[in-house]
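As structure tokens, the structure follows; a few thoughts come after it.
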Amino acid sequence: MATADRDRTRPALELDRTNTILYCRDWQATVSFYRDDLELRAVHVTDWFVEFELTNDAYLSVADSSRATIDHAQGQGITLSWRVADVSAARRRLIERGLEPSDERTVWGATVCYLLDPEGHRIELWTDS
């Protein structure tokens, strides 16, 4: 089919579920961080791969890079950006759990703070200001 004949009113892909997979060198610590520190619900668990539910149709998986065909990225070039109801409250809860989120700041009209997982992946928590 010629490019000009394609229906441009619809996206090329119609997604109904997303899953971001982080390939990790320090797999056990990273799984513990998402499961225990952030209290995300694990919905699929194997001895080298854990899938966490973020929302009804968005998931985050942590894979042991030593058991996968894709290598770890050491957190380079990856930011998980999650909108939360209240950044200040989320930040306080993280601090109460012994985590070290950044100070809050305003970026593009949103209030944000950042946190790194054990692998170095950046997590951005934000709320519309």
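Got the relative contact order for the chain handy, in percent, Cα pairs under 8 Å and 6 or more residues apart?
After rounding, I find 23 percent.
Go through region 24-40 residue by residue and turn each phi into a ³J(HN,Hα) via Karplus (6.51, -1.76, 1.60, θ = phi - 60°); whole Hz please, and just put x for glycine and proline.
Each residue's phi maps through the Karplus curve to give 10, 7, 9, 4, 4, 5, 5, 4, 4, 4, 6, 7, 8, 6, 8, 6, 7 Hz.
For a quick check: with amide H placed at 1.01 Å from N, whose amide H comes under 5 Å from residue 61's, ignoring anything fewer than 5 positions away on the same chain?
Result for residue 61 returns 20, 21, 22, 52.
How far, in nm, would the chain grow between residue 46 and residue 16 when pulled straight, counting 0.36 nm per residue and subtracting the alpha carbon separation?
Values: separation 30, 0.36 × 30 = 10.80 nm, distance 2.40 nm.
That pair, residue 46 and residue 16, stretches by 8.4 nm at full extension.
Looking only at region 20-129, where both bridge partners belong to it, what percent of the DSSP beta bridges are antiparallel (to the nearest 5)? Write out the running numbers ahead of the final one.
Details: 20 of 30 bridges.
In region 20-129, approximately 65 percent of DSSP beta bridges are antiparallel ones.
Are there chymotrypsin sites (Phe, Trp or Tyr not before Pro) in region 66-129 that DSSP puts in a loop and that have at most 16 other Cβ atoms within 10 Å, and which ones? Write down the numbers at each step before the final one.
Working: sites: 82, 108, 114, 126; in loops: 108.
Answer in residue order: 108.
Please give me, ordered by residue number, the GluC sites (Glu not before Pro) of region 1-108 that lie in loop per DSSP and have at most 12 other Cβ atoms within 10 Å. Could the numbers behind the result be given before it?
Values: sites: 14, 39, 51, 53, 96, 104; in loops: 14, 39, 104.
Hits after loop and neighbour filter: 14, 39.
If you scale each eigenvalue of the Cα gyration tensor by 5 and take the root, what three semi-axes come out for the chain, rounded to whole angstrom and sorted largest first? Intermediate results must be reported in sequence, preceding the final value.
Values: eigenvalues 156, 104, 38 Å².
So the three semi-axes of the chain are 28, 23, 14 Å.
Which trypsin sites (Lys or Arg not before Pro) does region 1-86 hold that lie in a coil by DSSP with at most 15 other beta carbons within 10 Å? Can you show the working numbers first?
Numbers: sites: 6, 8, 17, 25, 35, 41, 67, 83; in loops: 6, 8, 17, 25.
Here the trypsin sites (Lys or Arg not before Pro) that fit, given the DSSP loop and packing criteria, are 6, 8, 17.
Quick one: go through region 80-124 and flag any residue whose amide nitrogen is under 15 Å from the point 7 Å out along the Cα-to-Cβ line of residue 39.
85-86, 89-99
With a 1.4 Å probe and every protein chain kept in, tell me what percent of the accessible surface of the chain is carbon plus sulfur.
Details: 3970 of 8460 Å².
Carbon with sulfur: 47 percent of the solvent-accessible area.
The values are calculated or read from the model by the stated rules, or taken from the named source; none is laboratory data. Just so it is clear, the structure is predicted and the values come from calculations on it, not from any experiment. All Cβ positions, glycine included, derive from the backbone under ideal geometry; neighbour counts span all protein chains shown. Note: areas computed on protein heavy atoms with side chains; ligands, DNA, RNA excluded. Shrake-Rupley method; radii C 1.70, N 1.55, O 1.52, S 1.80 Å.
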